[in-house]
Amino acid sequence: MDSRGNDITYNAGELAGQAQAKKDDVMNQCQEGLNHSTQDSSYTAQASSFLHQTGEQVKNMAQGAAEAVKNTLGMNTENTPTTNTSSLNHPINPSNPSNPSTRI
């Protein structure tokens with residue numbers, strides 16, 4: 001009986017060791033999964049921030065381009081004075097030599 005008791009104790013110890021090893025393996029897998037999840041959410045936050053910044057830059061560039069076109073065409077009312085002084089500086093007068101007529 002003594003040998004049988006030792007076998008049972010040995011088997012119990014072996015099973016306990018295997019259970020501990022399995023538990024450690026599962027815990028390591030959980031920790032690795034948590035690390036990957038945290039890392040993935042960090043990447044997602046970085047990508048979101050990058051896309052937001054890029055979107056703002058594109059929007060600002062488009063607004064700048066629209067302002068440049070308005071300025072070129074003389075349609076930008078934000079930067080022009082409220083009174084029309086262009087007729088004072090360059091009156092449309094056929095007898096004014098600084099503003100010759102293109103009509104023949």
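Look at (1) open to solvent by 70 Å² or more (accessible area, probe 1.4 Å); (2) assigned to a helix (DSSP H, G or I) and you find that residue 66 fails only one, number (1). What are the pairs with Cβ atoms under 6 angstrom where one residue, in region 41-57, is open to solvent by 70 Å² or more (accessible area, probe 1.4 Å) and the other, located anywhere, is of a type in the set (A, V, I, L, M, F, W, C)? Sequence gap at least six, or different chains. Sorted first by the residue in region 41-57, then by its partner, the list stays empty.
The values are calculated or read from the model by the stated rules, or taken from the named source; none is laboratory data. Not measured: the values here are computed from a predicted model. FYI the Cβ positions are ideal-geometry reconstructions off the backbone, even for glycines, and counts take in every protein chain you see. With ligands, DNA and RNA removed, areas are computed over all heavy atoms of the protein, side chains included. Shrake-Rupley method; radii C 1.70, N 1.55, O 1.52, S 1.80 Å.
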